[in-house]
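Take a look at the structure set out below.
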Amino acid sequence: MTDQKKKRVEMKRQDPQVRRRNFNEVAQGYTAEEAIQEASRCLQCKKPMCVQGCPVNVKIPEFIKHIKEGDFAGALRVIQETNSLPAICGRVCPQETQCEEKCILGRKGEPIAIGRLERFAADFGKNGGNGGDSPDGGDCNDADPNGDDCCNGGCTGDDSRLKVAVVGSGPAGLTCAGDLAKLGYKVTIFEALHSPGGVLMYGIPEFRLPKRIVAEEINYVKRLGVEILTNVIIGRTLTLDDLFARGYKAVFLGTGAGLPKFMGIPGENLNGVYSANEWLTRINLMKAYLFPEYDTPIKRGKRVAVVGGGNVAMDAVRCALRLGAEEAYILYRRGREEMPARAEEIENAEEEGVKFMLLTNPTRILGTPDGWVRAVECQKMTLGEPDSSGRRRPVPLKGSEFEIEVDTVIMALGTSPNPIVSKTTVGLQTHEWGGLVADEETGATTRPGVYAGGDAVTGSATVILAMGAGKKAAAAIHEYLSGNSVGG
């Protein structure tokens, strides 16, 4: 193997000392020349293992071949055959543990930068072609959840199409809706918030996933003929039974996992303590990062501690820096190797000046007389035998307590599904921890005609796994409505 084949083309990033104070995108993307150079490394395997590592079955060698030939619009068309959100996936999916992990070049060198090439195709394909030949269609925003459905782009007025409802407009819901629309169904997405996108909008910061990129991907789904109704809370505004009564033949639940978890330690009720969910929602969806244009209430702490070691924790702590924090800490009870965050995100945080306090577990939050955070009391840990997660279990070290002076604490400990739908729907079973019971391969729940996928089923996971679940459910719903299966 030549040295050229071994070494991948790196992607330019903002300087750490500059980006730590702005919300502009960190990774700058490939130029056309860089993308063609990286695509030329691909061996075009006859039996590509990389495709097996992709939850949404993108034809990876085929789209890379188009890039190598300079046909960027063609590359995008190939990707969009199976993936309606390529610009998002190219930015936030953990390709290093999925498609790229199976790339044969990775055995003796560096795997093809599949994610970076997917991002390039999504960004440049729209400029070099017609956005993947997506169907045209206008927007119609006067849909009323209490009245008849509106036809939002791409509809022909043919009322004979079977109607499917999708609850939630996150990655699982958008993927399911897009696939069903391509199959000819009349699909309506019901979104509880005022903007569609789910965790893509409220959870992932602007510097990792610009909102305009999410909006462009959502517009593509709408041009497929999908209608999106916002400010509709299924379980309150309408129930699942209401949806079936209105003629929907199947329902997909992609409601995510929005209930935050806390440690249950003293002081969590002090002012200045946030869940990462609230912190990121205020910054991303409510645009606190654009202050004073958007005067969204949020504490701009000078010394901020984020508890957790996942991607959400990295997002939260890096946002704190950009909001003006002088010191920003990650408190994580295990070691570096056990951190679930992507290596790239950990590296970015370190470059920006985040201080990692590993093998450190908070025991209580200390406050001022007027009820604000002043410090976190922590205890040092050591690692014991592996627990049920396969990671070594943290064990407290007696007498190792110490304090860190902070004015803001953010709990990034994961989330669980909101029970509003399950509690208002007869026959819809959940696990003890709140996740919906659903078949792993089809998404079929215990209620006939109701399917589910993404974080609502698995708990907090990745964007691409949620998309894969939405894709499987769309295929199962099609089988169900075609009369080829019982479907739940």
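Just so it is clear, none of the values below were taken in a lab; they were calculated from the coordinates. Nothing here was measured: the structure is a model prediction, and the numbers come from that model. Methodologically, a virtual Cβ is constructed for each residue, glycine included, from the backbone with ideal geometry; neighbour enumeration extends over all protein chains shown.
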Using alpha carbons only, how many angstrom separate the centre of the stretch 21-36 from the centre of the stretch 59-92? 17 Å
Under 27 Å between alpha carbons: how many lysine pairs meet that in the stretch 262-413, if sequence neighbours fewer than 8 apart on the same chain are excluded? 9
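Where in the stretch 89-119 are there trypsin sites (Lys or Arg not before Pro) that are in a DSSP coil and have at most 15 other Cβ atoms within 10 angstrom of their Cβ?
Passing both the DSSP loop test and the Cβ count: LYS108.
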Here the gain from full extension of LEU43 to ILE104, 0.36 nm per residue of separation minus their alpha-carbon distance, amounts to 21.1 nm
Any residue on another chain or 5+ positions along whose placed amide H is under 5 Å from the amide H of ARG342 is listed here as ASN311
Take TYR294 and SER160, extend 7 Å from each Cα along the Cα→Cβ direction, and tell me the distance between the two endpoints in nm. 4.5 nm
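Using the Cα gyration tensor of the stretch 339-488, with a ≥ b ≥ c the square roots of its eigenvalues, what is the shape: rounded (a/c below 1.5), prolate (a/b larger than b/c) or oblate (neither)? Before the final figure, lay out the partial values.
Numbers: a/c = 2.64, a/b = 2.24, b/c = 1.18.
Prolate, since a/c reaches 1.5 and a/b exceeds b/c.
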Please return the longest range in the chain lying between exposed loop sites, taking chymotrypsin sites (Phe, Trp or Tyr not before Pro), DSSP loop only, at most 11 other beta-carbon atoms within 10 Å, and leaving the sites out. 1-293
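Once you have the Cα-Cα distance between VAL18 and THR230, take 0.36 nm times their residue separation minus that, and quote the gain in nm to one decimal.
Working: separation 212, 0.36 × 212 = 76.32 nm, distance 3.65 nm.
Gain on extension, VAL18 to THR230, equals 72.7 nm.
Diagonalise the Cα gyration tensor of the chain and give the resulting equivalent ellipsoid semi-axes, square root of 5 times each eigenvalue, largest first, whole Å. Please list the in-between numbers first.
On the way: eigenvalues 260, 178, 93 Å².
In descending order, the three semi-axes are 36, 30, 22 Å.
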Take the stretch 262-413, drop everything but the C-alpha atoms, weight them equally and run the Debye formula without solvent; then report log10 I(q)/I(0) at 0.13 Å⁻¹ to two decimals. -0.57
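As a test of the definition: which semi-axes, in Å, follow for the stretch 3-128 when you take the square root of five times each eigenvalue of its alpha carbon gyration tensor? Largest first, please.
Working: eigenvalues 97, 59, 42 Å².
Ellipsoid semi-axes (Å, largest first): 22, 17, 14.
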With each pseudo-label sitting 7 Å past Cα toward Cβ, what's the THR382-MET263 distance in nm, one decimal? 2.1 nm
So for the chain, averaging the separation of alpha carbon pairs under 8 Å that are six or more residues apart and normalising by length, what relative contact order in percent results? 15 percent
Return a whole-number percent for the relative contact order of the stretch 263-337, with Cα pairs under 8 Å and 6 or more residues apart as the contact set. 26 percent
Taking H placed 1.01 Å from N in the peptide plane, check which residues at least 5 places from THR230 or on another chain put their amide H under 5 Å from its amide H. GLU191
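Hey, could you get me the Stokes-Einstein D for the stretch 1-54, Kirkwood radius over alpha-carbon pairs, 10 °C and 1.306 mPa s, rounded to whole µm² s⁻¹? Don't jump to the answer; show the numbers that get you there.
Numbers: Rh = 13.8 Å.
Using the Kirkwood radius from Cα pairs, D works out to 115 µm²/s.
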